[in-house]
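Below is one structure; the comments refer to it alone.
The values are calculated or read from the model by the stated rules, or taken from the named source; none is laboratory data. Remember, predicted model here, so these are calculated numbers, not experimental data. Counting neighbours? That spans all protein chains shown, and the Cβs are built from the backbone with ideal geometry, glycine included. These accessible areas exclude ligands, DNA and RNA; they are computed on the full protein's heavy atoms, side chains included. Shrake-Rupley method; radii C 1.70, N 1.55, O 1.52, S 1.80 Å.
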Amino acid sequence: MEFDVSKAMKFTLSDELPEMPEFEEGIRRAPKRELNLNQDEMKVALKNALRYIPPKLHHKLAPEFMEELLTHGRIYGYRYRPSGNIKAKPIDEYEGRTTEGKALQLMIDNNLDFDIALYPYELVTYGESGQVCQNWMQYRLIMKYLQEMTEDQTLVVQSGHPLGLFPSKPDAPRVISTNGLMVGMFDNDEAFNKAAAMGVANYGQMTAGGWMYIGPQGIVHGTYITLLNAGRKFLGNDKDEDLAGQFYITSGLGGMSGAQAKAIEIAGGVGVIAEVDMSRIKTRHEQGWLSEFTDDLDEIFDWVAEYQEKGEAVSIAYHGNVVDLLEYVVENNIKVDLLSDQTSCHAVYSGGYHPVGYNFEEGRELLNTDPAKFREEVDQTLRKHYGFIEELVDRGSYFFDYGNSFMKAVYDAGVKEIAKNEADPSQGFIFPSYVEDIMGPICFDYGYGPFRWVCLSGKDEDLRKTDEAAKSCIDPDRRAQDYDNYQWINDAEENDLVVGSKARILYADGQGRVEIALKFNELVRKGEIGPVMLGRDHHDVSGTDSPFRETANIKDGSNVMAEMSVQCFAGNCARGMTLAVESNGGGVGIGKSFNGGFGLVLDGSKKVDEIIKSALDWDVHGGVARRAWARNEHAIETMQDWNQRNEGRGHVTIPYRPEEGLVEGIVADYLDKE
């Protein structure tokens, strides 16, 4: 059947061939992705990419796209990438018929900034594989749609593909987006890699595909809180003490893990972070987020001893493999207080973890030329890594898994004893997740999570005013969490956290988020600041179902259910968030979690006040209610208070609990009879 689709479409790519953009030297590039397509599937991949292209260009671009597929394992459509660095501009410099449409263009561009994105030419924001969308044709079309969108339309995006603008209404979301939602029997790495290579699946990570990443600042606060509370819980520190003189070892200085150096310094400790990629070390050092770096282990531990003795904070990058670092520590009997890892082990065989014995360039070459050998070397390295961790824990170090699939990767490498049940890793691992031991009971059960905002004007003074407004909403004497938050926001400007857009993160609870957002919207209404985009990391109270991370401290068996994140997503759509997104995978890998997030543009209107009160409250307390039903003590406490405050407006179900020992005794009695 022959038909001219161009006559039925208003928003299309130009039929003029763009110039191939120049690639700047020194910008990190993604490794070749796994290409597991047969010949027929390659034909489909090519046809899928050409769907975006006017037919007169097909003969020119088809060979080009085929070359990309074979060379990179994916079709990125490099020709359609805008030239130069893509940076977030002030909102007034974007074209658009709505404030929301312009705001979302700003957020997308911020995720692709050379200073922020891990592999900007491949649209990867962070986490080794977390993409804004799959290819540059999608990027261009999304931006066109956002420019033309009205308040009576909603843009639907499926794994980076802009399905189109659909009639809706002003109080509906402007964008509804999903990423990588694989049907159950295909929800595995092999099937996902095939779908991604064919151009139909996008790995959205936790905020890349949701366009709400704000640079590494987004995880600094959470890492800072994790480290402080690890010190309190396991090192005996008091509430008002920091980590002065205490020593932390970890690895990774990429998009998310790059926050670790900054966090350990703000927390007052001494940290050594192993990183094989010198470009990442230099990026953090140039940003002022990392104090020292070297590949000389003797020099590193001279620095460590010096700063520990002075009780001063420092972050030190070891340019090398973490396994070599830990071997040195074990052989020299060096005391380590806190120990973790933040490499991208959800993509352990795709470049997210590096084999020992190879420098960065050698490892990348091995990955590209002999992926089977690369996998073998990675498995050997993981086994060595685990052995050194086991030894240090025996000597008194506190190791926590940072939710990056490290322990599952170790298990898959053959170390079955890392699982509580060696035959079934779904029952958990011998080392706790940081959520299980720290963030879950201390933050999530109370409703505290990574609330964030972006001042869309791009003005420093607007960010300063929002910092002061947020601080005025915090009572530092209410809880230890509020004390930490007050100190954080009070010192935020001094700590120089901004990379890219004028953004801030704050671990506020449900009541706090509503109060802060209303105050911001009032400032916009009065003309004291420009519009603001609210959002959060999906790594939050309600946004993510992930048995080994976000829901690791849920013990009623429902940790394997994905209903909370889906309900959160649906509820945010119903309540009129500007953007609602649901993704598969996150920081732990495809098939291991579902995660959702939102964006809300504060334009100063009374309409937005009502969305704040309804949607932000739901976005937090829907998840706390689930945690309360799982019999989490602090969540029960939080939701009892919520029921009282919302009498006549809302009500949640709270569990009855049997008296201590009743169930245990009955089960034992019945089993003894058999």
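Checked against the criterion of being in contact with a strand residue (DSSP E or B) (Cβ under 8 Å, 6 or more places away or on another chain), outside any helix (DSSP H, G or I), at pLDDT below 95 and under 19 Å from ASP537 (Cα atoms), the range 126-133 contains not a single residue that satisfies it.
Of all residues in the range 272-296, those that are of a type in the set (Gly, Ala, Ser) and assigned to a loop (DSSP other than H, G, I, E, B) have Cβ atoms under 7 Å from Cβ atoms of residues that are at pLDDT 90 or above and open to solvent by less than 30 Å² (accessible area, probe 1.4 Å), 6 or more apart or on another chain, in SER291/VAL314; SER291/SER315; SER291/ILE316. Restricting the range 466-496 to residues that are in a helix (DSSP H, G or I) and among the acidic types (Asp, Glu), the residue that is most open to solvent (accessible area, probe 1.4 Å) is GLU468. Taken over the range 416-453, residues that are surrounded by fewer than 19 Cβ atoms within 10 Å (Cβ to Cβ) and either closer than 20 Å to PHE388 by Cα or of a type in the set (D, E, K, R) (or both) amount to 7.
Residues in the range 568-580: is at least one at pLDDT below 95 and either on the phi < 0 side of the Ramachandran plot or under 20 Å from the mean Cα position of the chain (by Cα) (or both)? No: zero hits. When the range 355-372 is filtered for residues that are open to solvent by 20 Å² or more (accessible area, probe 1.4 Å) and touching a residue at least 40 places away in the same chain (Cβ under 8 Å), the ones remaining, listed by number, are ASN359, PHE360, ARG364, ASN368, PRO371.
What tally of residues in the range 319-346 results from selecting those that are outside any loop (DSSP other than H, G, I, E, B) and open to solvent by less than 20 Å² (accessible area, probe 1.4 Å)?
Counting residues in the range 319-346 that are outside any loop (DSSP other than H, G, I, E, B) and open to solvent by less than 20 Å² (accessible area, probe 1.4 Å) gives 8.
Do you know which residues across the range 79-118 are of a type in the set (Ser, Thr, Tyr), closer than 19 Å to CYS455 by Cα and open to solvent by 20 Å² or more (accessible area, probe 1.4 Å)? Scanning the range 79-118 gives a single hit, THR99.
Residues in the range 441-488 that are basic (Lys, Arg) and either in contact (Cβ under 8 Å) with a residue 12 or more places away in the chain or under 13 Å from PHE520 (Cβ atoms) (or both): ARG452, LYS459, ARG464, LYS465, LYS471, ARG479. Total residues in the range 385-423 satisfying the condition of being over 20 Å from GLY589 (Cβ atoms) and in contact (Cβ under 8 Å) with a residue 12 or more places away in the chain: the figure is 11.
Name the pairs whose Cβ atoms lie under 6 Å apart, with the first residue in the range 204-222 and of a type in the set (Ser, Thr, Tyr), the second not in a loop (DSSP other than H, G, I, E, B), and 6 or more positions between them or separate chains? Sorted first by the residue in the range 204-222, then by its partner, the pairs are TYR213/ASN111; TYR213/THR125.
For the range 229-265, taking the residues that are in a helix (DSSP H, G or I) and open to solvent by less than 10 Å² (accessible area, probe 1.4 Å), the one that is farthest from THR125 (Cα to Cα) is identified as GLY231.
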